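The values are calculated or read from the model by the stated rules, or taken from the named source; none is laboratory data. Please read these numbers as outputs of a predicted model, since none were measured by experiment. When we count neighbours, we look across all protein chains shown, and the Cβ atoms used for this are built from the backbone with ideal geometry, even at glycine.
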Amino acid sequence: MKSAPSPAAVSALKKVQKQFKHWRKTKTGRERIPDSLWQAAADVFHIGGHSLNKVAKALHLNHTHLNFLGSLRTDKRKQILPFSHSRR
């Protein structure tokens, strides 16, 4: 059985939830989610303690996109590569 998330993981998720809530209240129109918020979401997942599905659900994000961003991590400092939002 999986253990409960650490207090740091719970705190990190709540912090990012507040950031998304603020962005959603202040955005105009159909703005894309800023890369900094996507990175914060990926960081919450990689802190550990929460499943990818739980993070995506809590932040109302696309699970597949968040998984893709998480797979791009390249070093131990928890950095992710920039994601291009261009559509063809």
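Going through segment 1-15 one residue at a time, which ones are within 11 Å of residue 55 (Cα to Cα) and within 12 Å of the chain's Cα centre (by Cα)?
Quick first cut of segment 1-15, residues within 11 Å of residue 55 (Cα to Cα) only: 9-10, 12-14.
Scanning segment 1-15 gives 12, 13, 14.
Among the candidates 27, 18, single out the residue that is surrounded by 12 or more Cβ atoms within 10 Å (Cβ to Cβ) and over 11 Å from the mean Cα position of the chain (by Cα).
Values: 18 fails: surrounded by 12 or more Cβ atoms within 10 Å (Cβ to Cβ).
Going through 27, 18 in turn, the sole match is 27.
So which residues in segment 1-27 are of a type outside the set (Lys, Arg), modelled with pLDDT of 90 or more and more than 16 Å from residue 58 (Cβ to Cβ)?
26, the sole residue that qualifies.
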